[in-house]
Amino acid sequence: MPSATAEKTYDNLANAFTRNNPKSKTIYNAATNSLPGGNTRSVLYYHPFPLSMSRASGSQLFSVDGHAYIDLLGEYTAGLYGHSEPLILAAITEAAKRGLNYGSQHEDEVRLAELVKQRFPSMDLMRFTNSGTEATLMALAAAKAFTGRKKIVVFDGGYHGGAFTFKDGKSAAVNAPHEWLIARYNDLTSVRALLDSEENAGKVAAILVEPMLGSGGAIPPTAGFLEGLREAATAAGAVLIFDEVMTSRMHSGGGIQSQMPADLCPDMTTLGKYIGGGMSFGAFGGKQAIMELFDPRKPNALQHAGTFNNNVLTMSAGRVGLEQVFMPERASQLHARGDKLRKALQDASRGTLMKITGYGSIMCFHFTESTVEDVRSPQDLKDDDKTLSSIFHLFMLERGYYIARRGFLALSLALTEEQLDGFVEVVREFLRVHENLVKSQSSRARL
């Protein structure tokens with residue numbers, strides 16, 4: 001239970017937020033007449049009401065109430081390029097002039113596939129979709145068709161799109177109706193127990209995993225976990241699927257799997273987010289033997305439709321983004337910048353409940369007694385103080401920094417070193433102002 005002091009602090013911030021954002025409140029109230037809870041994308045709702053933005057440029061967002069925010073959320077990793085990156089904007093404009101829909105194959109589609117394959121060599125063949133959710137749907141369909149099995153191993157805290165949310169040891173959303181087996185992240189014993197049980201042995205089609213839990217708290221894999229999944233999947237005859245929708249940006253732009261030996265890489269990979277240059281995009285692909293099931297030249301090929309799978313705007317934006325903007329060297333720089341920022345934040349928050357987890361340019365704030373090193377799965381964040389997270393969120397908005405209510409942020413290429421240094425200073429200010437709320441038990445014990 002939050003303390004009375006924390007509740008009062010939150011109420012004061014919420015009241016100030018309401019006074020400072022009357023137009024956003026009006027828009028939200030109007031939205032409730034047509035949308036359930038005024039919302040058509042659950043993650044964007046927060047109390048007392050979400051801000052409404054009117055425009056964006058570079059690394060900044062501008063609200064209808066006239067406030068400017070440094071965008072540290074990065075559209076939950078999809079906004080890697082920032083807002084209106086000139087080369088991508090020019091590509092979209094030129095593509096639109098040539099026609100929005102062809103109803104045919106075109107060169108940008110082929111070139112984008114080649115660029116993705118260069119970054120993800122484990123994807124012998126691939127297909128495009130409109131979102132990461134669709135990519136997951138199709139990857140699982142392929143795994144089930146390839147193996148002739150039905151059960152799918154996933155992980156508590158995993159998120160694989162709008163139809164695949166797993167929380168607190170059960171399906172906690174309107175999930176696609178697969179036969180789910182939910183294991184504990186970073187716990188190979190729990191995986192092997194499911195695979196080896198009499199009930200499941202020989203019946204598991206796939207192991208679906210985020211190489212780093214994204215929405216589940218930006219929790220990286222522990223040493224040997226992903227390699228252990230490779231071994232377990234091979235032994236069970238299951239397809240190993242890496243959901244790199246969020247993590248494809250890592251290292252030099254080849255995802256977390258880029259640091260693994262080729263023989264330990266996944267059988268299939270799903271992608272999405274920024275690879276479409278900021279437009280709707282998803283992709284799934286992998287070993288030729290699996291993906292050939294979709295080859296229309298073969299009898300009884302699996303059908304995969306989608307009017308906008310190869311839409312000209314996404315294909316053009318994605319191609320220019322990978323060719324001219326997010327090249328491997330720049331990807332490595334962004335990864336290093338994220339590691340540097342996270343270390344600075346961790347140093348600033350020592351001795352407090354504030355902990356920052358993550359990897360590369362993706363991270364998440366938590367308010368917990370657990371150490372960063374002890375956070376290996378969402379179960380290790382059971383004491384994460386959501387009231388403190390809400391206070392932190394409104395404090396950051398008041399100071400002009402836009403992050404997710406749950407403390408999640410993803411860096412974009414548009415951010416400057418000065419902006420990130422400024423963010424660290426504002427975090428330090430938060431810790432000073434609210435020292436009485438964020439002090440850890442171990443620090444109190446030393447007093």
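Mind running the shape call on the range 288-368? Use the C-alpha gyration tensor, a ≥ b ≥ c as the square roots of the eigenvalues: rounded below 1.5 for a/c, prolate if a/b tops b/c, oblate otherwise. Here the range 288-368 falls in the prolate category. Scoring 102-110, 129-137, 68-76, 414-422 by mean Cβ neighbours within 10 Å over their residues and listing the highest first yields 129-137, 68-76, 414-422, 102-110.
Partners of Lys439 within straight-line reach, counting lysines whose Cα lies under 25 Å from its Cα and excluding those fewer than 8 residues away in the same chain: Lys8, Lys340, Lys343, Lys355, Lys382, Lys386.
In order along the range 128-137, the Karplus-derived 3J(HN,Hα) couplings, from 6.51 cos²θ - 1.76 cosθ + 1.60 at θ = phi - 60°, round to 9, 9, 9, 6, x, 4, 4, 4, 5, 3 Hz, and Gly and Pro are given as x. The packing ranking of peptides 311-317, 399-405, 369-375, highest mean first, is 311-317, 399-405, 369-375, where packing means the average number of other beta carbon atoms within 10 angstrom of each residue. Helix 386-398 and the longest principal axis of the C-alpha atoms of the chain enclose an angle of approximately 80°. Can you tell me how the range 138-259 classifies by the Cα gyration tensor, rounded, prolate or oblate, using a/c under 1.5 as the rounded cut? Rounded, because the longest to shortest axis ratio a/c is under 1.5. By the rule of a C-alpha distance below 26 Å, with chain neighbours fewer than 8 residues away ignored, the lysines paired with Lys287 are Lys117, Lys144, Lys150, Lys151, Lys203, Lys273, Lys298. A Cβ-based charge dipole, computed about the Cα centre of the chain with Lys and Arg at +1 and Asp and Glu at -1, lands at about 620 debye. Annotation for the range 79-170: trypsin sites (Lys or Arg not before Pro) lying in DSSP loop with at most 16 further Cβ atoms inside 10 Å of their Cβ are Lys150.
For the range 254-323, the list of trypsin sites (Lys or Arg not before Pro) that fall in a loop by DSSP and count at most 13 other C-beta atoms within 10 angstrom reads Arg297.
One decimal place: the segment Lys386-Gln333 gains 15.8 nm when fully extended, by the rule 0.36 nm per residue minus the C-alpha distance.
Every number here is computed from the coordinates shown, using simple stated rules; none is lab data. All of these numbers come straight from a predicted model, not from anything done at the bench. Positions of Cβ are generated from backbone atoms using ideal geometry, with glycine treated the same way; all protein chains shown enter the neighbour counts.
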